[in-house]
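Just so it is clear, none of the values below were taken in a lab; they were calculated from the coordinates. Remember, it's a predicted structure, so these values are computed and weren't measured experimentally. Heads up, the Cβs are rebuilt from the backbone with ideal geometry, glycines too, and the neighbour counts pull from every protein chain shown.
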């Protein structure tokens, strides 16, 4: 922290899925209390990667972040798309990062903390993405207390622009012990008796906290608020008590409305901290995951990404039925329409149109201005050949020109809601809608593009874009039918 | 440069058409043998007398061998063609041009589709390897986009439009009920159709074409040779085809209330045939009623109704069997069924029967004296479509 060049958070973005499950809905099905409040549920076309990409798009859209040259990208999750393939490169493509920027996965619950540590110690802008889909057998702790989310942090230096969080110092503590584990391919997370983990976490969290204060040269009473990400309620309880006694405000960990979002949770909490902190306030993030990572920041003048996590919390639709939530995770398989399943995508065809498929970049004819989605070589207006510029459309608003609901087409969650979407400034694409109930679609409805996982075939996840109602329009809708209707 | 057509230069002198059914007991080979056999008998010739063959099948077989093998042809050219749901018309069009060119004396066009061996409902296209960004909507849903767009543009109450569409289906069911070769032979009233649950947009299964197996064939010769085979040949007046460039999917100006490809194909065909007032000059038209909104919009694209007026004409019975211009007197795709590669030839088969006065009494049209019939066959979806229009007559000149 010398010579005026301060490391810190340039931007944070979050993605909370549109769909929420009231835990009482699960209680009604299972016949035993599944707790209060709601959890977020990734839609059938979302996964850790898509949610992370959505969060990163928001972070990078903030005025400052858009100009920062990202030096490297880390993607962390406990629910990766692939094992023998990197998922981060898909985010790299969706975010249209240049080829010289490396992208890699950091798997497991500790990934976010470690990636953040590394980013803060680096001397280049680093983009850290985290996402997780927490599920398990019906009624399991992950099903009940888990949540799904994506979060992204762009770490850089004060030279990159006003920081939303200036890094003051931090520390880690690590010791091998067994608390929670899930075997690759298994649906269920197993757990040791929590009281054992509680004791280990108390020791590790306490040690890391003390070391972090020392590293930052701070006394505890200089810290305004902290957030603690912990795999279960007992983990970190001792430190929480200590901090409370010292007058530090320990903010809620979103368990009541989001759930514990696993690998995404530390960055999700960091975002909520920085979104509400007053400039100058010191905030702390304590991430407990097979060890403890503590980070101390001074809130800066930078503006949070839009929509904030609070805004997303207030939007969304909590009328999701428990059966549908389980079916989306494969816990409750449902009968698909009697139509052929989609074939796997072609790797070479996808790579040829990388910027279209992952970046949603069309082309614009130089002479007529006509936008082509997908990009074309010959213009449909005037017929000029190879006279087009790239037309990035992912952030361009659109409206519904006409629409239909297809109850016959194959879908992981029928029916397919489909609309012909016209983009502001030109361009049309007939495309699937998502995060919407069939009855809520109307001609003229404003929509925005969102990166989704359409299907999976032969183990290949097919990512592309869909449209969804702009700006969480479904907010405040009374509970009713399940999404997708009948 | 120009589209000149081959008016009155070639004639159809024999046709065959299998019943369109769920032919669980018949394969592609059987259907081909049946349809060609009937066509040969109709023309009074034997298979070896045909000099060249065109086979239309969308996905029941590849290459000319799909036809040559079951018929055991000896040293004859067979061209397999595919052009979406207009495949049968494409085979016919090529056979006509081959004869008109003087390359062959006798050509035969055959269309076949064995759709019921897939194990799935509806029609399903071969997956061509792609980047995974193509939409995967059903045809029903793509065509369902037309209904709300039409209602909005012309200020038709959606409930009213629902009844108009049901009336189209009901008419085609009534016609099909009188046709022993049709797949569905049950009359359906408008209220019953309106009461069906929707499966795609406002469309129910009764707004969709029947999915059937079937085959049809046509024997084509030079017009001057036609009377060697039959006293009542049917002459080619016009053949037109437009392959859309898909701009409807890109162009925000396209409004889903018309099919420009069909309009253009019709204009070309009318010019070739010298038709200026199709509603009054045609005795009948067989149109591609894959879904009820398609038939509605086609009445305008083909010039039978003014823009925005087809829904009223449909309601007024203009296109009924004994209306001003009978449309789909054989039941259409809706009731006759839609074996993709065969449908274009099936349409011609109805014109063949009606223009020769051979249609059964109960569905014989009153307008035969006009002497001209139109077949319209499309493939694809609103926004990216291929369209065929053929005009046929029972006399030259």
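Using the empirical formula 2.2 N^0.38 Å as the baseline, the Cα radius of gyration of the stretch A:400-441 reaches a ratio of 1.20. Within the listed set B:114, B:178, B:72, the residue fluctuating most in the Gaussian network model of chain B (springs between alpha-carbon atoms under 10 angstrom) is B:72. Evaluated at q = 0.10, 0.12, 0.14, 0.20 Å⁻¹, the base-10 log of the normalised Debye intensity for the stretch B:120-210, with identical point scatterers placed on the Cα atoms, takes the values -0.34, -0.47, -0.62, -1.00.
Relative to its Kirkwood radius, the Cα radius of gyration of chain A gives an Rg/Rh of 0.97. For the residues B:228, B:80, B:370, a GNM of chain B with alpha-carbon springs under 10 Å puts the largest fluctuation on B:228.
Can you give the Rg to Rh ratio for chain B, taking only C-alpha atoms and Rh from Kirkwood? If you can, show how the numbers build up before the last one.
On the way: Rg = 19.5 Å, Rh = 20.6 Å.
A ratio of 0.94.
Which of A:177, A:260, B:126, B:20 has the fewest other C-beta atoms within 10 Å, and how do the rest follow up to the most? Numbers along the way, then the final one.
Details: A:177 14, A:260 24, B:126 8, B:20 31.
Placing the least packed residue first, the sequence is B:126, A:177, A:260, B:20.
Within the listed set B:224, B:38, B:315, the Gaussian network model of chain B (springs between alpha-carbon atoms below 10 Å) gives the highest mean-square fluctuation for B:224.
By DSSP, the beta bridges lying fully in the protein assembly as shown are antiparallel in about 75 percent of cases. Angle check, please: helix A:194-216 long axis (alpha carbons) against the longest principal axis of chain A (alpha carbons), in degrees 0 to 90, nearest 10. Approximately 80 degrees, to the nearest ten. Considered as an equivalent ellipsoid built on the Cα gyration tensor, the stretch A:332-486 has semi-axes of 29, 21, 12 Å, the largest given first. The mean count of C-beta atoms from other chains within 10 Å of the C-beta of residues in A:404-416, rounded to a whole number, is 6.
Distance between the C-alpha centers of the stretch B:209-225 and the stretch A:143-182? Whole Å please. A separation of 70 Å, based on Cα centres. Distance between the C-alpha centres of the stretch B:352-379 and the stretch A:401-464: 43 Å, rounded to the whole angstrom.
If you find the alpha carbon centre of the stretch B:79-107 and of the stretch B:1-48, how far apart are they in angstrom? The distance from the Cα centre of the stretch B:79-107 to that of the stretch B:1-48 comes to 11 Å. With the helix formula -39500 (n - 2.57) applied to DSSP H stretches of n ≥ 4, chain A reaches a computed 222 nm mean residue ellipticity of -6500 deg cm²/dmol. In angstrom, the C-alpha Rg and Dmax of the stretch A:182-260 are 14.8, 46. Along its principal axes, the stretch B:241-397 has C-alpha extents of 48, 32, 32 angstrom, given from the largest down. Each of A:229, B:343, A:319 has some number of other Cβ atoms within 10 Å of its Cβ, and from fewest to most they run A:319, A:229, B:343. Taking the number of Cβ atoms within 10 Å of each Cβ as an exposure proxy, the fewest-first ranking of B:97, A:167 is B:97, A:167. Here the Kirkwood formula, the inverse mean of 1/r across different C-alpha pairs, assigns the stretch A:215-373 a hydrodynamic radius of 20.2 Å. For the peptides B:284-290, A:242-248, residues were scored by their other Cβ atoms within 10 Å and the scores averaged per peptide; the highest-first order is B:284-290, A:242-248. Anisotropy class assigned to the protein assembly as shown is prolate, per the alpha carbon gyration tensor with a/c at or over the 1.5 cut-off and a/b larger than b/c.
Across peptide A:161-167, the mean count of Cβ atoms from other chains lying within 10 Å of each residue's own Cβ comes to 0.
Remind me, what semi-axes does the stretch A:100-243 give for its equivalent ellipsoid, largest first in whole Å, using sqrt of 5 times each Cα gyration tensor eigenvalue? If you can, show how the numbers build up before the last one.
Working: eigenvalues 158, 100, 35 Å².
Working through the eigenvalues yields semi-axes of 28, 22, 13 Å.
Relative to the dominant Cα principal axis of chain A, helix A:48-61 is inclined by about 90°. Rounded to the nearest 10 degrees, the angle from helix B:292-301 to the longest Cα principal axis of chain B is 80 degrees. Mean per-residue shielding of peptide B:149-155 is 1, counting Cβ atoms of other chains within 10 Å of each Cβ.
Give me D for the stretch B:171-311 in µm² s⁻¹, whole number, from Stokes-Einstein with Rh from the Kirkwood sum over alpha-carbon pairs, 37 °C and 0.692 mPa s.
Working: Rh = 18.2 Å.
Roughly 181 µm²/s, to the nearest whole number.
Peptide packing: for A:297-310, A:344-357, the average count of neighbouring Cβ atoms within 10 Å per residue gives the ranking A:297-310, A:344-357, highest mean first.
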